[in-house]
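The values are calculated or read from the model by the stated rules, or taken from the named source; none is laboratory data. Small disclaimer: the values here were computed from a predicted structure and weren't measured. With ideal geometry, Cβ positions are generated from the backbone for all residues, glycine too; neighbour counts draw on all protein chains shown.
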Amino acid sequence: MKQLLILLFSLFFLISSPSIFADDISDFEIEGMSIGDSLLDYMTDEKINEEIELSLSLNEYHYLNEPNKYVDVYLMEVFPKYDNGFSFSIKNTSTNQYLTNKNEEYTILSIRGMIHFIEDFDGCIQKRNEIVEELSKTFPNIQKTEEIFEHSSDPSGNSIIDAVYFEFDSGDRVEVSCDNFEETFRIKNSWSEGLNLSISSKEIISWLSDY
């Protein structure tokens, strides 16, 4: 039975059947969506490919060794409460042409909801900690770790991410984090900053760590 993990506008979580502890990332949902679902259940093929082309043009993951291996697809208009974006990670179809099954081609590997906290890092951390507290109470059997590190895209070292991870034995994880970019760097890149909630497969985590 899936554990329902929904980020409400208040940023508190409602968990269904809290006495049942999830042991697999697919047991988690954000807005009814899970890792392993087909993105075609939520978007058309045409819209997905439009988003893929846009994502590749932004070159957001240029600092990775394989920046185009996977791609982000946004679905912002459906969930406006995520005012900094709501996205999925899938394989980049242009580099995975051997895939012929559309459902396999568009398998969701990561889901992320983002909310603005521009120049309000303290406010972001406060809200992040409220969410972490609720998750910790509901899922006490999942390993929790916290890490503060420099964002790899900023060579100055002045942009940081403060993250809490709920780690599965499989290598998949749930992340609740706040990013705080050095302001000149953020404005130069036209980036936002704030609260991030994500559920990610081991596959995506490995890719994001390869830089």
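Before moving on, here are some points about what is shown:
- Only listed residue being among the aliphatic types (A, V, I, L, M) and over 14 Å from residue 84 (Cβ atoms), chosen from 115, 160: 160
- Just so you know, in the stretch 182-207 the residues that are touching a helix residue (DSSP H, G or I) at 6+ places or on another chain (Cβ under 9 Å) and aliphatic (A, V, I, L, M) include one that is surrounded by the most Cβ atoms within 10 Å (Cβ to Cβ), and it is 199.
- Contact map, the stretch 135-158: first residue closer than 15 Å to residue 25 by Cβ, second residue surrounded by fewer than 16 Cβ atoms within 10 Å (Cβ to Cβ) and modelled with pLDDT of 85 or more, Cβ cut-off under 6 Å, separation 6 or more or different chains; pairs are 143/167.
- Residue among 198, 190 that is in contact (Cβ under 8 Å) with a residue 40 or more places away in the chain and of a type outside the set (A, V, I, L, M, F, W, C): 198
The rows are residues; the columns are (1) surrounded by 15 or more Cβ atoms within 10 Å (Cβ to Cβ); (2) over 25 Å from residue 70 (Cβ atoms); (3) over 17 Å from the mean Cα position of the chain (by Cα).
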| site | (1), (2), (3) |
| --- | --- |
| 108 | yes, no, no |
| 122 | no, yes, yes |
| 131 | yes, yes, no |
| 140 | no, yes, yes |
| 150 | no, no, yes |
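- In the stretch 65-83, residue modelled with the lowest pLDDT [restricted to those that are more than 16 Å from residue 204 (Cβ to Cβ) and either buried (at least 19 other Cβ atoms within 10 Å of the Cβ) or among the charged types (D, E, K, R) (or both)]: 77
- From the list 202, 188, 144, the one residue that fits, being among the basic types (Lys, Arg) and in contact with a Lys or Arg (Cβ under 9 Å, 6 or more places away or on another chain), is 202.
- Of the candidates 185, 166, 149, 117, the single residue that is aromatic (Phe, Trp, Tyr) and farther than 25 Å from residue 88 by Cβ is 185.
- Residue among 173, 128, 186 that alone is of a type in the set (D, E, K, R) and under 17 Å from residue 61 (Cα atoms): 186
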